[in-house]
Amino acid sequence: MLLHIPEVLGKNEVADFRKKLEAATWTDGKETVGAQGALVKRNLQLPEGSVLREELGQRVLRALAASPLYFAAALPLRTLPPRFNRYEGGGNYGFHVDGAVMALPPVAGQASSHVRSDIACTLFLSEPDDYEGGELVVSDTYGEHEVKLPAGDLIVYPASSLHTVQPVTRGTRLASFFWVQSMVRDDVRRRLLFDMDTSIQTLTATRADAGAVLTLTSTYHNLLRLWAET
Ligand code: NI
């Protein structure tokens, strides 16, 4: 499921992110991919140990925690610390698939842990008119989908899909990206739960029959109980 989540960050917050990112020191994006990705990845990233990356990443996570729509779509269990990238001067990222399992940063005194990348997210930080190209193209069983969203908006898509970022031929494209292990690993099941959840919200808001809403709500939770891994 591809889902567009509008206004995860407000315009003032996005402007503050951009100001800080424009003054930052960047490194080659090849540093965080395997051999296959390195062949096709041409962009810049904030360095892994960057203080700014940590600060802005925390702000992204706080914004996500305040979004019921994001929670309903992702049912997040573990999230990799968000990274930040920059494409300009023809920079692009050819078709690739993301790694299936990624290490979480080590925490002192704890065993190392990993995140299975069920879901990939891109949070757009540049306005679409400020750059040419730079579409995220996600390929799934229904074909190819081009995504280029207003600054502050998020796209959620299955990390299992092949995807690419088209060359940025004018201006600069700034974005944050991260991966999520969902409580429900299967995209089809996640989609069913999401549709049921949003329908229950609508039925509640439109004062539908309370008994029927209660039965549906109970069914939602019982399906989640069947399918969730925590
Ligand atoms: Ni990718």
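The values are calculated or read from the model by the stated rules, or taken from the named source; none is laboratory data. The structure displayed is predicted, hence computed values, not measured ones. Neighbour counts are summed over all protein chains in view; Cβ atoms, including those assigned to glycine, are modelled from backbone coordinates with ideal geometry. Areas reflect the complete protein model, heavy atoms only, side chains present, ligands, DNA and RNA absent. Shrake-Rupley method; radii C 1.70, N 1.55, O 1.52, S 1.80 Å.
Numbers at a glance
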quantity	calculated
Residue in segment 21-41 that is in a loop (DSSP other than H, G, I, E, B), at positive phi, modelled with pLDDT of 95 or more and surrounded by 13 or more Cβ atoms within 10 Å (Cβ to Cβ) present	no
Pick from segment 137-162, criterion within 13 Å of the ligand (Cβ to nearest atom) and assigned to a strand (DSSP E or B), ranking: nearest to V14 (Cα to Cα)	I155
Tally of residues being out of contact with any strand residue (DSSP E or B) (no Cβ under 9 Å at 6 or more places or on another chain), among the hydrophobic types (A, V, I, L, M, F, W, C) and surrounded by 11 or more Cβ atoms within 10 Å (Cβ to Cβ) across segment 189-211	6
Meets criteria (touching a residue at least 24 places away in the same chain (Cβ under 8 Å) and among the hydroxyl-bearing types (S, T, Y)) for T169	yes
Out of G90, G109, sole residue that is open to solvent by 60 Å² or more (accessible area, probe 1.4 Å), assigned to a loop (DSSP other than H, G, I, E, B) and of a type outside the set (A, V, I, L, M)	G109
Filter result (open to solvent by 60 Å² or more (accessible area, probe 1.4 Å) and within 14 Å of the ligand (Cβ to nearest atom)) within segment 93-106	F95, V97, A100
Breaking point among (1) part of a helix (DSSP H, G or I); (2) open to solvent by less than 50 Å² (accessible area, probe 1.4 Å), for L69	(2)
Check on T141, open to solvent by 10 Å² or more (accessible area, probe 1.4 Å), within 17 Å of L3 (Cα to Cα), assigned by TED's automatic domain parsing to the domain that holds V40 and of a type in the set (S, T, Y)	yes
Output for segment 42-52, where each listed residue is assigned to a helix (DSSP H, G or I) and open to solvent by 60 Å² or more (accessible area, probe 1.4 Å)	V51
